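Comments concern the structure below.
The values are calculated or read from the model by the stated rules, or taken from the named source; none is laboratory data. Since the structure is predicted, the reported quantities are computational estimates derived from the model, not experimental observations. Positions of Cβ are generated from backbone atoms using ideal geometry, with glycine treated the same way; all protein chains shown enter the neighbour counts.
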Amino acid sequence: MTGAKAWRQKGTGRARAGALSSPQRVGGGVAFGPKPRSYTVKINRKARRRALRAALSVHAERGSIAAVDPSKFDTPSTKAAAAALEGLAGEGSVLVVLTDGEETCLKSFRNLEGVFVLHADQVGVADVIGAGRLVVSEAALSRVTEKAVAK
C-alpha cells in the first residue's frame, strides 16, 4: 500500500485525510495483524534427559516396548513388518527407532499406517511419549539410553 496522503491537507473543501493504508479506510491495512512467532522453548539438558528416561520407563512398565532384529529383513518386506507388529501389546501409533545400516528394516516399516520410523539420534521426548507402542533395534536402544543417561 502507499504511504501517500489521499489528497492534500488544505484547499479541497474536504476533511483532512491521511494514508490510504490506515485500518479505518475501506481496503486499508489490518490494525493488529498477525506477527510470525516461534513457539519453541528451551529445556535444560538434565531435564530433557530425565524426561526421556521417564518416558522410556513408562513404556517398559506398560510392556509396550519391543525389540526388532534388523538382520531378519534382508530385503524390504512390508508384509513381514506388519506380521512383526501384530504380536505387539498395546494400542495406538507405533514408533520404530533404528540406526545407520538398518535401511531394509526402515523400508519395511515406513509404509505401514500409524507407524513412524525415526533415527536414534532424532528421537525426542515428545516422540516417545506420543507413541502408544515402541519398537527399537538393539543398536538404537543403546544409542537412545546413552542419550538419556549421558553426563
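For region 55-63, does any single residue satisfy the condition of being of a type in the set (V, I, T) and part of a helix (DSSP H, G or I)?
Here is the first cut: in region 55-63, the residues of a type in the set (V, I, T) are 58.
Then keep just the ones that are part of a helix (DSSP H, G or I); that gives 58.
Taking every residue of region 55-63 in turn, at least one turns out to be of a type in the set (V, I, T) and part of a helix (DSSP H, G or I).
Exactly one condition in (1) exposed (fewer than 14 other Cβ atoms within 10 Å of the Cβ); (2) in the same structural domain as A140 (by TED's automatic domain parsing); (3) β-branched (V, I, T) is false for T12; which is it?
Among (1) exposed (fewer than 14 other Cβ atoms within 10 Å of the Cβ); (2) in the same structural domain as A140 (by TED's automatic domain parsing); (3) β-branched (V, I, T), the lone unmet condition for T12 is (2).
In region 133-151, how many are more than 13 Å from L56 (Cα to Cα) and without any contact (Cβ under 8 Å) to a residue 12 or more places away in the chain?
Matching residues across region 133-151 total 1.
For every residue, the table says whether it meets (1) without any contact (Cβ under 8 Å) to a residue 40 or more places away in the chain; (2) surrounded by 19 or more Cβ atoms within 10 Å (Cβ to Cβ); (3) of a type in the set (K, R); (4) more than 19 Å from R62 (Cα to Cα).
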{"site": "A83", "(1), (2), (3), (4)": "yes, no, no, yes"}
{"site": "K107", "(1), (2), (3), (4)": "yes, no, yes, yes"}
{"site": "L112", "(1), (2), (3), (4)": "yes, no, no, yes"}
{"site": "V117", "(1), (2), (3), (4)": "yes, yes, no, yes"}
{"site": "A120", "(1), (2), (3), (4)": "yes, yes, no, yes"}
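Do we find a residue being of a type in the set (A, V, I, L, M, F, W, C) and not in a loop (DSSP other than H, G, I, E, B) anywhere in region 13-29?
Scanning region 13-29, I find at least one residue that is of a type in the set (A, V, I, L, M, F, W, C) and not in a loop (DSSP other than H, G, I, E, B), so the answer is yes.
Taking region 59-81 only, how many residues are touching a residue at least 60 places away in the same chain (Cβ under 8 Å) and under 16 Å from V144 (Cα atoms)? Break it down stepwise before answering.
Going through region 59-81, the residues touching a residue at least 60 places away in the same chain (Cβ under 8 Å) turn out to be 59, 64-70.
Still in the list and also under 16 Å from V144 (Cα atoms): 59, 65-68.
Residues in region 59-81 being touching a residue at least 60 places away in the same chain (Cβ under 8 Å) and under 16 Å from V144 (Cα atoms): 5 in total.
Might you check whether a residue that is modelled with pLDDT under 90, part of a helix (DSSP H, G or I) and surrounded by fewer than 18 Cβ atoms within 10 Å (Cβ to Cβ) occurs anywhere in region 68-76?
Within region 68-76, one or more residues are modelled with pLDDT under 90, part of a helix (DSSP H, G or I) and surrounded by fewer than 18 Cβ atoms within 10 Å (Cβ to Cβ).
Could you say whether any residue in region 42-61 is under 16 Å from V136 (Cβ atoms), more than 22 Å from the chain's Cα centre (by Cα) and either small (G, A, S) or surrounded by 13 or more Cβ atoms within 10 Å (Cβ to Cβ) (or both)?
Looking for residues that are under 16 Å from V136 (Cβ atoms), more than 22 Å from the chain's Cα centre (by Cα) and either small (G, A, S) or surrounded by 13 or more Cβ atoms within 10 Å (Cβ to Cβ) (or both), one finds at least one in region 42-61, hence yes.
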